[in-house]
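Data first, discussion second: the structure below is written as structure tokens.
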4 protein chains.
Amino acid sequence: MERRRVGVLGATGTVGQRFIQMLERHPWFEVAWLAASDRSTGKRYADACAWKLDTPMPRAVADMVLQPNVPPVDDSSLPRIIFAALDAEIARELEPHFAGAGCAVISNSSAFRMTRDVPLVLPEVNEAHLPLLETQATRKNGGGYIVTNANCSAIGLVLALKPLETLFGIESLFVSTMQAVSGAGYPGVPSLDILGNVVPFIRNEEEKLQEEVGKMLGRYTGSEIELLPARISAHCNRVAVVDGHTECVSVKLRTPATREQILAAWQSFQPLDGRALPSAPDHPVMYNDMPDRPQPRLDVKNGNGMSTTVGRLRPCTLLDWKFVLLSHNTVRGAAGAAVLNAEVLARLGKLPKEAA
Amino acid sequence: MERRRVGVLGATGTVGQRFIQMLERHPWFEVAWLAASDRSTGKRYADACAWKLDTPMPRAVADMVLQPNVPPVDDSSLPRIIFAALDAEIARELEPHFAGAGCAVISNSSAFRMTRDVPLVLPEVNEAHLPLLETQATRKNGGGYIVTNANCSAIGLVLALKPLETLFGIESLFVSTMQAVSGAGYPGVPSLDILGNVVPFIRNEEEKLQEEVGKMLGRYTGSEIELLPARISAHCNRVAVVDGHTECVSVKLRTPATREQILAAWQSFQPLDGRALPSAPDHPVMYNDMPDRPQPRLDVKNGNGMSTTVGRLRPCTLLDWKFVLLSHNTVRGAAGAAVLNAEVLARLGKLPKEAA
Amino acid sequence: MERRRVGVLGATGTVGQRFIQMLERHPWFEVAWLAASDRSTGKRYADACAWKLDTPMPRAVADMVLQPNVPPVDDSSLPRIIFAALDAEIARELEPHFAGAGCAVISNSSAFRMTRDVPLVLPEVNEAHLPLLETQATRKNGGGYIVTNANCSAIGLVLALKPLETLFGIESLFVSTMQAVSGAGYPGVPSLDILGNVVPFIRNEEEKLQEEVGKMLGRYTGSEIELLPARISAHCNRVAVVDGHTECVSVKLRTPATREQILAAWQSFQPLDGRALPSAPDHPVMYNDMPDRPQPRLDVKNGNGMSTTVGRLRPCTLLDWKFVLLSHNTVRGAAGAAVLNAEVLARLGKLPKEAA
Amino acid sequence: MERRRVGVLGATGTVGQRFIQMLERHPWFEVAWLAASDRSTGKRYADACAWKLDTPMPRAVADMVLQPNVPPVDDSSLPRIIFAALDAEIARELEPHFAGAGCAVISNSSAFRMTRDVPLVLPEVNEAHLPLLETQATRKNGGGYIVTNANCSAIGLVLALKPLETLFGIESLFVSTMQAVSGAGYPGVPSLDILGNVVPFIRNEEEKLQEEVGKMLGRYTGSEIELLPARISAHCNRVAVVDGHTECVSVKLRTPATREQILAAWQSFQPLDGRALPSAPDHPVMYNDMPDRPQPRLDVKNGNGMSTTVGRLRPCTLLDWKFVLLSHNTVRGAAGAAVLNAEVLARLGKLPKEAA
């Protein structure tokens, strides 16, 4: 099977690097086009990028020349599958141009996540929302579209909640996060702010988490997404961890559930109808029954960074149940989520054809 | 004014060291007697103690010889004021011996905190509980008694809650902590467990926090403590911070309160009827209105480590209000709380006289 | 090819865990026997071991029952290849028993490293020292023997020095280390000692580093090892890193060498005569020419943790050349070094046969 | 005694903040004028400054309006004592303007440290170099001048070396540093670069350290500074510490010295001829004889951050002696060094008079 050519917007950033790392040996996609902001345009990727991952930069990209973050006038060489890792303000301006140029824009940005006709998708959770993209103007004209994945703090949480919502219904939710610094990109969090410290604030994060969970767990009516009618309260904190968001969760269910039923719900969570996708983990939710887990240092790589690890399920004196979860914020919480979205779109035959 | 002689049980541990540091220049008390476990008994303090504070060991204690952790047979030299920094199991056995020997045992241990006739006191919050100590058997016989302070994670929280409880009533409470490693003593938390990591579990901590808040905010009926009738749910986590517990709180009040009313409640919180105690901070609760505060590195020393710093007051979608607080866990949360208890007992004339 | 059965002494410790991790899919060896100290004996491995690696405990070992750290009376089930990860004092007592019972004891302990008839081996560096083991008493009687690998701080350094010693000769050496906490085992370094801190002392480490480098780079005369006649001065420090020892090196050569010659020496370093061993990296020494490398977080996994990464080669105003190196202290610096020793012994046909 | 009005250039940066903190209750100086870069000019200090110290911002400065980093046209309000905490390139341009306007520029920048007619001074070490400032052109015309202090990594080292140089002579020196992140300012070192990591490179740092030590320990001939004729080799590293540079030193002396002689040299080091300066510590060099000291977390505040703590004196196999030192990099290594320079200039009557 021939690999489809893909492009990466914002290729030199923390998430851009993860895209390149995760796609290095991808069976379906091949990185063929890289773009970055003006000050990097025209440089070799290896010269422009401060590579911060613990595996070497793939040789195939080191010599690629960075393109501008806009569709080229002659777009024949532009891949029709674009992974976008741009800051929100920039994404708001640029992503529509790529959709307008006929590309499937698989975006990790927050710019359009809550837009009415843009699906906010995690394949294991709400693949059913994907038809929403057909209502986008560019798509209706036979062109491209934008599909988004959620904020890194929302993704791991939604994976753990989905089987509970399906079986018992979620009425309300309290979540307190301890988030890794890689979520803020590079240079991101200054070391003076986080060494031996906690910063109990991440701009807009609580708002994003609260609304994105509601959209992802919402219902597609055929024309729009009805948000999940649950009250969600988030406290978001930054801690001195490189990769891996840990979240303390209390949840109130609509139907009472026993501990065994909840554990069974997680264990039997086999979404995607058994259709294997290259980046989908065997177990989207893994329960660790040791008393002090999950922990970022020990569990963040579970399922190649694509599984949510859950632990410490116990009764909550205030709502019904409490637990802790951990999710890799730049793999499952960013680049991996987008790659999985592209994979499910490929399976469904919804990726645009290459320009002739 | 002559300083009263005091003793310290568990003098070589993390909290024992804080006692010695905080009492170095205390106007009312003078460390005159140090005790430690068997393997240290008979050694010079400087030889037995791995001093881990960032101020030098006071010279006055360096040459003191460590005594056994039991009342001496000839107790004429035993101070009648004993600060106890023992592990719970050991405290359960040894503290009653010192009370039996006529001492006021000002204990930081969890052993007797929830015992029916033992006050669990924070002077600014529930000085009114102190008469409970008169019901202890040893005290009724004219002898000593045990007074306790709460767990380090409960103390800072109760300071912030007290003015809210007084003015508006607290109906339910959610708290998620990010606790410093010094709370676990020395050697305590292995570095392999916490470097670049979060441990979402501290043994018995959630239980202690939940029940101790209820007792401290409870009502003394004249014969016993009625627990606060509020539902409290705690998530306790260990993070890579040396000193300072950060806590995310959501609270539901019995009477609605505006943001201004809550801020005013904290600002006007002037307990102790204006009677200054040497270790009492001018402002037990300090509100920081910057968006990303409090932070351990920047705020833990507020009020010489005796103030709770609060920030980020904002509405909660689930309960009424959310905020973040920070408290120094080995100063206000341990040694400083006990010293303050001794100070208020001194003011009330309840400290035993020296043996003749 | 059938896999040889091997045993692990000290199987629950930090290095013991690395042995088990590295041997999980080893083509030649299979973990068949695990031993630990008295308090763990008789327990399932999964119950006795606080697994601290970021990959899951291999299922094959989880249910194994831990044996005592001594050769069984009926030793028919005892593997004849024993990897030993014991503390020095215990190793000094126990390892000879296993050699006496006919085992090849592949030891990571410091107990016998400097013993006259015990080879201190790193295959890429001094495989030629291995015949020394034939002079051991137990071996002469047709029985087992002890082979050791060096201290974690010496191994990475010796890899970088070997090609320089071969081509130019080493006259003197200055090395200042910044060592990871995993080198101290578990619980090891208390977090209060290392969070936001440096500890400029590791007991016996400077002495070990200085003498072991001299022995490894020494010459086997046919009957003994002549130490390298170089003066070596080490400063050893502990820093807040989980895995990976960083070392600053200044070296004086016997024959002048240019920068290009030194880089070429490292690049062309192809030891082991091209005979591939399963755990030997393709490049034992990798040079990174970025100005701020190597770094533990980015480079420690090079060569699956078996390569030394070198960078910042530049003139030294005092000796001849300065550089920085990084080596994974529990992989190449401990378990991996021992596994490689076993592999080279296997190739040479020097591993004892199984008991009939 | 009336306090002299002083100004601070670069007042919002990390070192600028330390100036303000250290001058808050200074007996001789009072902060009266603050300047910062263009984007802050005109703002209240409290609004423009991300205060990152663990004591509150002094109220007296919070409402001051930030001035441009240039002498005002009407300079009647400009203090004649200017503490400068500017980046080197900016300092190179701006500091001469202030000297030209008649100010004593007490600079922490590297811009003019090695300039022929600019003293590089640490009062306890080379107060004798101060007359050099009389040779500056602006000074000869009866105007201002520039006096500098050294790089943070050189200052603590020179304090420890000075008594050795005086008594025994220093022939050569090896130093390997482990430097705190506060030395890089704010935002400075990204957390992704230093959490759980070591960066073995700080731009230009090794060069600065090597040459500045030579100038500070050099001899003033009456017209210029003769550099110390010693060979110095430095390895500079960044580690995950907030404040405090730790340095491993090996030194070769011109005259042999015993351990006792060296310890005595440090202990009897009483510079400044007994003239107390407000910021001078009682003991510029403090020796800690515990085996694992100094450590940043425990020792950085010694002498209010103005003492160098030394430990681990032991023979060096390569040079003569090895030891470890620790110095607070933003107190003694930056703002405190400049304040001390101003104090000694005040004592000598060399500070310019206020404009009439």
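Here, each number is a calculation from the coordinates, and none is a lab measurement. Just so we're clear, the structure is a prediction, and the values are computed from it rather than from any experiment. Ideal geometry is used to build each Cβ from the backbone, glycine not excepted, and the neighbour counts take in all protein chains shown.
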task = Give me a single rounded figure for A:283-294: the average over its residues of other chain Cβ atoms within 10 Å of their Cβ.
result = 2
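Return D:D292, B:D299 ranked ascending by Cβ neighbour count within 10 Å, so the fewest neighbours appear first.
Ordered by Cβ neighbours within 10 Å, fewest first: D:D292, B:D299.
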request  = Starting from the Cα of A:D63, step 7 Å along the direction of its Cβ; do the same at C:N304; then give the gap between the two resulting points in nm.
outcome  = 2.9
task = Report, to the nearest 10°, how far helix B:205-216 tilts away from the longest principal axis of the Cα atoms in chain B, using its own Cα long axis and a range of 0 to 90°.
result = 90
Anisotropy class of segment A:152-328 from Cα gyration tensor, a/c 1.5 cut = rounded
remark   = Only helices counted: for chain C, with every DSSP H run of 4 or more residues adding -39500 (n - 2.57) and the sum spread over all residues, [θ] at 222 nm is -7000 deg cm²/dmol
request  = Calculate how steeply helix A:336-347 sits against the longest principal axis of the alpha-carbon atoms of chain A, using the helix alpha-carbon long axis, and give the answer as 0 to 90 degrees to the nearest 10.
outcome  = 70
request  = Quantify how strongly other chains surround peptide A:174-187 by giving the mean number of their Cβ atoms within 10 Å of each of its Cβ atoms.
outcome  = 5
key: For A:D63, label point 7 Å along C-beta direction: distances to other copies, nm   = 5.3, 6.6, 7.7
query = Which residue, D:S307, D:S176, D:S268, has the most motion in a Gaussian network model of chain D that connects Cα atoms within less than 10 Å?
reply = D:S268
task = Indicate, rounded to the nearest 5 percent, the antiparallel portion of the DSSP beta bridges found entirely in chain B.
result = 45
query = What is the spin-label model distance, in nm, from B:D47 to C:T55 if the labels are put 7 Å beyond Cα along the C-beta direction?
reply = 5.0
ask   = Taking square-rooted eigenvalues a ≥ b ≥ c of the alpha carbon gyration tensor, is chain C rounded, prolate or oblate, where a/c under 1.5 means rounded and, failing that, a/b exceeding b/c means prolate?
value = prolate
inquiry  = Within 10 Å of each Cβ in A:241-247, how many Cβ atoms from other chains are there, averaged over the peptide?
reply    = 5
query = Relative to the other copies, what are the label-point distances for C:D289, with labels 7 Å from Cα along the C-beta vector, expressed in nm at one decimal and sorted shortest first?
reply = 5.3, 5.6, 5.7
message = Less than 13 Å Cβ to Cβ from B:F269, Lys/Arg counted +1 and Asp/Glu -1: what total charge do the surrounding residues give?
response = -3
query = Using a label position 7 Å from Cα in the Cα→Cβ direction, what is the ascending list of nm distances from A:G349 to the same site in the other copies?
reply = 6.5, 9.4, 9.8
request  = Scan around D:E171 for amide H atoms under 5 Å from its own, H built in the peptide plane at 1.01 Å from N, and keep only partners 5 or more places away or cross-chain.
outcome  = D:K252, D:L253, D:R254
task = Of the DSSP beta bridges with both residues in segment B:152-328, give the percent that are antiparallel, rounding to the nearest 5.
result = 65
note = So the angle from the long Cα axis of helix A:152-168 to the longest Cα principal axis of chain A, reported in degrees to the nearest 10, equals 50
ask   = Taking +1 at the Cβ of each Lys and Arg and -1 at the Cβ of each Asp and Glu, which of B:P68, B:P284, B:A99 sits farthest along the dipole of chain B towards its positive end, judged by Cα position relative to the Cα centre?
value = B:P284
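Test of the criteria: in segment C:52-156, which trypsin sites (Lys or Arg not before Pro) are in a DSSP loop and have at most 12 other Cβ atoms within 10 angstrom of their Cβ?
C:R116
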ask   = Fewest to most neighbouring Cβ within 10 Å: what's the order for D:C248, D:C49?
value = D:C49, D:C248
task = State the extension gain, in nm to one decimal, for the chain segment bounded by C:D75 and C:D273, taking 0.36 nm per residue of separation less the distance between their alpha-carbons.
result = 67.6 nm
request  = Quick one: work out the % antiparallel among DSSP beta bridges in segment A:31-189, nearest 5.
outcome  = 10
query = Within a Cβ distance under 10 Å of D:V249, other residues only, what is the Lys/Arg minus Asp/Glu net charge?
reply = +1
query = Got a sec? Charge dipole of segment D:152-328, +1 on Cβ for Lys and Arg, -1 for Asp and Glu; which of D:P190, D:V242, D:T317 is way out at the positive end?
reply = D:T317
inquiry  = Given points 7 Å out from each Cα along the Cα-Cβ axis, report the C:E93 to D:D38 separation in nanometres with one decimal.
reply    = 7.5
query = What is the fewest-to-most order of C:V8, C:V158 by other Cβ atoms lying within 10 Å of their Cβ?
reply = C:V158, C:V8
request  = With a/c under 1.5 counting as rounded, go ahead and sort the protein assembly as shown into rounded, prolate or oblate using the C-alpha gyration tensor (a ≥ b ≥ c being the square roots of the eigenvalues; past the cut-off, prolate if a/b is larger than b/c, else oblate).
outcome  = rounded
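Give me the net charge of C:D193's neighbourhood, meaning all other residues with Cβ under 12 Å from the Cβ of C:D193; Lys, Arg count +1, Asp, Glu -1.
Working: positive: B:K52, C:R238, D:R293, D:R297; negative: D:D292.
With Lys, Arg at +1 and Asp, Glu at -1, the neighbours total +3.
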request  = Nearest to the axis that maps chain D onto chain B: list the chain D residue whose Cβ wins, with the distance in whole angstrom.
outcome  = D:G196, 2
